Amino acid sequence: MEKTTHDRTPSGRESEDGAVFDAIVVGAGFGGLYMLHSVRKLGFTCRVFEAGGGVGGTWYWNRYPGARCDIESMQYSYSFDESLDQEWDWSEKYAPQPEILAYANHVADRFDLKRDIRFDTRVTEAVFNETANRWQIKTDRGDAVSAQFCIMAVGCLSAANLPAFEGIDTFEGPVYHTGHWPHETVDFTGKRVAVIGTGSSAIQSIPIIARQARTLTVFQRTPNYSVPAWNGPMDSEYARSIKADYSGFRAKMRARPTGFYFPFNTESAHASSGEEREQQFETFWQRGGLPFLGAYGDLLFDKEANDTIAEFAREKIRSVVEDPQVADLLSPDNVFGCKRLCVDSGYFETYNLPHVKLVDVSEHPIERLTAGGVVTNGVEYDADVVVCATGFAAMTGSFDRIDIRGRDGLALKKKWEAGPRTYLGLSTQGFPNFFMITGPGSPSVLASMIQSIEQHVDWMADCMAHMRDLGAQTIEPLASEEDAWVEHVNEVAAISLRSTCSSWYVGANIPGRPRVFMPYIGGFPVYVDRCNQSMDAGYAGFVFDQGALESSTPAIRLTERWHVPVDVEVISLAAIAANRVPVV
Ligand SMILES: Cc1cc2nc3c(=O)[nH]c(=O)nc-3n(C[C@H](O)[C@H](O)[C@H](O)COP(=O)(O)OP(=O)(O)OC[C@H]3O[C@@H](n4cnc5c(N)ncnc54)[C@H](O)[C@@H]3O)c2cc1C
């Protein structure tokens with residue numbers, strides 16, 4: 001049946017048919033929320049569509065036990081509003097998911113954002129109409145709206161990867177995915193639980209599930225390195241000292257390759273003796289978390305240097321896990337930090353519990369699920385509950401799940417079939433007025449993501465306002481600039497050991513995906529500088545109205561805080577090439 005203008009949708013709201021906006025934003029995580037706030041501030045009309053039932057994105061969906069940020073809470077938060085910074089208090093060094101979700105809701109309420117968001121609504125189609133120079137957007141709730149700008153705030157880690165295990169429908173108990181966790185509490189008491197996967201979500205949840213479960217069987221394809229978080233209650237003196245000059249602290253974060261602040265050492269690991277290195281690693285280990293990688297400057301650039309930190313981390317595993325065979329299975333032999341480094345609270349210790357079992361599926365993948373278990377290598381492991389901690393189709397997964405078409409009906413999926421192609425990770429040629437928050441080709445997951453989000457949004461909002469000043473209908477990158485940027489992203493990736501292993505950074509966790517290193521690894525400030533240079537030159541590398549309109553010097557509205565001198569000494573490409581910049 002065809003939808004009419006005022007069909008009631010299953011969520012009880014009326015579908016929006018024919019409504020027009022300046023901007024449509026897809027997604028109401030931290031990216032979509034800040035985009036909405038920013039474009040409204042500049043006087044644009046905006047509608048946000050969100051597949052989930054509330055705001056928060058990652059923190060709405062990932063409700064699994066133990067979910068928390070692995071960038072310190074004092075840094076993992078918005079920086080655009082000083083009073084927001086001052087009024088919010090975090091209870092722990094690394095905030096748990098419910099608290100981050102509460103923060104997202106607080107922001108949405110404080111800035112009155114929810115009235116422009118349509119929840120429980122998935123965008124299914126976004127098609128550029130070349131006659132009207134507008135995007136036509138359709139949703140699974142019957143909405144059919146149009147906008148000059150289509151802004152994807154769909155998230156880098158939002159398309160859950162649920163492997164199509166044979167027999168999954170025959171399994172009699174519940175099957176959960178960590179990225180689609182139920183809202184009600186899941187009680188594992190007395191249950192035989194199977195956890196599939198040993199990535200970050202598994203590493204966070206396993207210690208907590210083990211505390212409740214009767215038995216816990218963990219199915220591991222690849223072991224991962226993990227560093228203790230040493231999480232605990234927020235040190236109120238520390239929080240006070242940061243709040244005394246939050247904007248100064250934020251500026252220090254922005255100047256770091258990672259977009260977050262931690263002390264790091266730019267010396268080579270080779271410059272120290274074996275004993276000194278051990279001491280240095282121990283000092284950084286005791287600080288815990290991602291900053292562990294800051295112990296030396298060449299750990300992600302020099303394989304021999306990396307071998308030293310990898311062996312230190314393996315020794316830590318051996319010192320914790322009592323059964324040498326299990327310790328061996330849990331010890332990765334690949335480049336340390338090549339995959340996203342995990343941060344844990346008691347992960348390896350969990351394997352000393354008598355009711356916890358590790359099953360290696362590296363050579364014999366899971367064959368099938370039965371009514372009451374998981375089968376690998378001909379052996380059935382009993383389970384009442386299966387938890388799939390199998391990650392995401394990272395970076396491009398949520399784009400792939402929408403039918404996005406640009407000029408000449410070209411599908412984005414088709415354009416990106418050999419890997420994503422963008423200019424600055426902000427936009428892609430042939431898709432006018434189409435912006436991507438933390439898109440592939442930008443630092444995104446290699447920087448503190450809220451920093452990445454805010455910088456992208458400010459750049460986009462200023463660009464939209466500039467177009468309004470110019471009277472421009474469309475903006476899109478030049479093919480030549482896009483080609484050059486893609487080449488540069490690859491060139492920089494090749495400098496780092498990060499590009500050498502099978503990780504979700506290169507799409508390797510999903511069979512059949514092209515292997516391309518997707519985030520920009522050149523460092524956050526270098527990247528910001530590139531965006532500024534383009535903007536300051538009237539959006540160099542882009543054309544307005546297909547080249548029919550000349551640009552001029554744009555007004556700086558929201559991007560002022562990003563227009564700061566770059567500390568070339570620490571973060572230049574030359575420094576990266578000289579192997580001195582740790583990019584965790
Ligand atoms: C478990 C976990 C822990 C993390 N910890 C950290 C951390 O410590 N530090 C850090 O910097 N980053 C972390 N991240 C990355 C995290 O994703 C980002 O920090 C940030 O939350 C991303 O915000 P976003 O708005 O860009 O995307 P998301 O939060 O992923 O939001 C995207 C939203 O878009 C919606 N959406 C997607 N497709 C559609 C569609 N077709 N129609 C409608 N809606 C759609 C989704 O439902 C989702 O709500 C973590 C990620 C995970 C999964």
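Give me the accessible area per residue for the chain, probe 1.4 Å, as a whole number in Å².
Numbers: 22520 Å² over 584 residues.
Per-residue value: 39 Å².
Calculate the length of the line joining the C-alpha centroid of region 64-101 to that of region 304-324, in whole Å.
Answer, in whole Å: 31.
For region 43-109, what does the alpha-carbon gyration tensor say about shape, rounded, prolate or oblate, given a ≥ b ≥ c as the root eigenvalues, a/c under 1.5 as rounded, and a/b over b/c as prolate? List each step's numbers first, then the result.
Numbers: a/c = 2.43, a/b = 1.18, b/c = 2.06.
Taking the square roots of the gyration eigenvalues as a ≥ b ≥ c, region 43-109 is oblate.
222 nm [θ] for the chain, helices only, -39500 (n - 2.57) per DSSP H run of 4+, per residue, to 500?
Helices in the chain give a 222 nm mean residue ellipticity of -9000 deg cm²/dmol.
Return the tail of the calculated pair distribution for region 8-151, meaning the percent of Cα-Cα pairs more than 18 Å apart.
Above the 18 Å cut-off, region 8-151 has 58 percent of its Cα pairs.
Considering region 158-262, what Rg and Dmax in Å follow from its alpha-carbon atoms?
My reading of the Cα-based Rg and Dmax gives 19.4, 57 Å.
For region 444-576, take the alpha-carbon Rg, divide it by the Kirkwood Rh, and send me Rg/Rh.
Dividing the radius of gyration by the Kirkwood radius yields 1.00.
Only sites in a loop by DSSP and with at most 15 other Cβ atoms within 10 Å count here; which chymotrypsin sites (Phe, Trp or Tyr not before Pro) in region 460-538 make the cut? Display every interim value, and only then the final one.
Details: sites: Trp485, Trp504, Tyr505, Phe517, Tyr520, Tyr527; in loops: Phe517, Tyr520.
Filter output for region 460-538: empty list.
Express the carbon and sulfur contribution to the solvent-accessible surface of the chain as a percent, rounded to the nearest whole number, probe 1.4 angstrom.
49
Check the chain for me: any Cys whose beta-carbon has no other cysteine beta-carbon within less than 4.7 Å?
Taking the Cβ cut-off of 4.7 Å, the unpaired cysteines of the chain are Cys46, Cys69, Cys150, Cys156, Cys342, Cys388, Cys463, Cys531.
Can you tell me what share of the DSSP beta bridges in the chain is antiparallel? A percent to the nearest 5 is fine. Please report the intermediate quantities before stating the final value.
Details: 28 of 68 bridges.
Of those bridges, close to 40 percent are antiparallel.
Could you derive backbone 3J(HN,Hα) for region 204-220 from the dihedral phi with the Karplus parameters 6.51, -1.76 and 1.60 (θ = phi - 60°), listing whole Hz in sequence and x where the residue is Gly or Pro?
6, 8, 4, x, 7, 4, 4, 5, 9, 5, 6, 9, 10, 10, 10, 9, 10
Taking every DSSP beta bridge with both residues inside region 114-270, roughly what % is antiparallel (nearest 5)?
Within region 114-270, antiparallel bridges account for around 65 percent of the total.
Measure nothing but the geometry: give the 0 to 90° angle between the long axis through the Cα atoms of 449-470 and the longest principal axis through the Cα atoms of the chain, rounded to 10°.
Helix 449-470 sits at roughly 10 degrees to that axis.
Once you sort the root eigenvalues of the Cα gyration tensor of the chain as a ≥ b ≥ c, which label holds: rounded (a/c under 1.5), prolate (a/b larger than b/c) or oblate (the other case)?
Note, shape of the chain comes out oblate.
Taking the radius of gyration and the Kirkwood hydrodynamic radius from Cα positions alone, what is the Rg/Rh ratio for region 319-361, to two decimal places?
0.97
Leaving ligands, DNA and RNA out of it, rank Asp245, Asp360, Asp545, Asp458 by accessible area with a 1.4 Å probe, largest first.
Working: Asp245 85, Asp360 65, Asp545 40, Asp458 0 Å².
Result, largest first: Asp245, Asp360, Asp545, Asp458.
Among rounded, prolate and oblate, which fits region 401-464 when a ≥ b ≥ c are the square roots of the eigenvalues of its C-alpha gyration tensor, a/c under 1.5 means rounded, and a/b larger than b/c means prolate?
oblate
The values are calculated or read from the model by the stated rules, or taken from the named source; none is laboratory data. This one's a predicted model, so the numbers in the text were calculated from it and none came from an experiment. Backbone-built Cβ (ideal geometry, glycine too); neighbour counts: all protein chains shown. When the accessible area is computed, the model is the full protein with side chains, heavy atoms only, and any ligands, DNA or RNA have been set aside. Shrake-Rupley method; radii C 1.70, N 1.55, O 1.52, S 1.80 Å.
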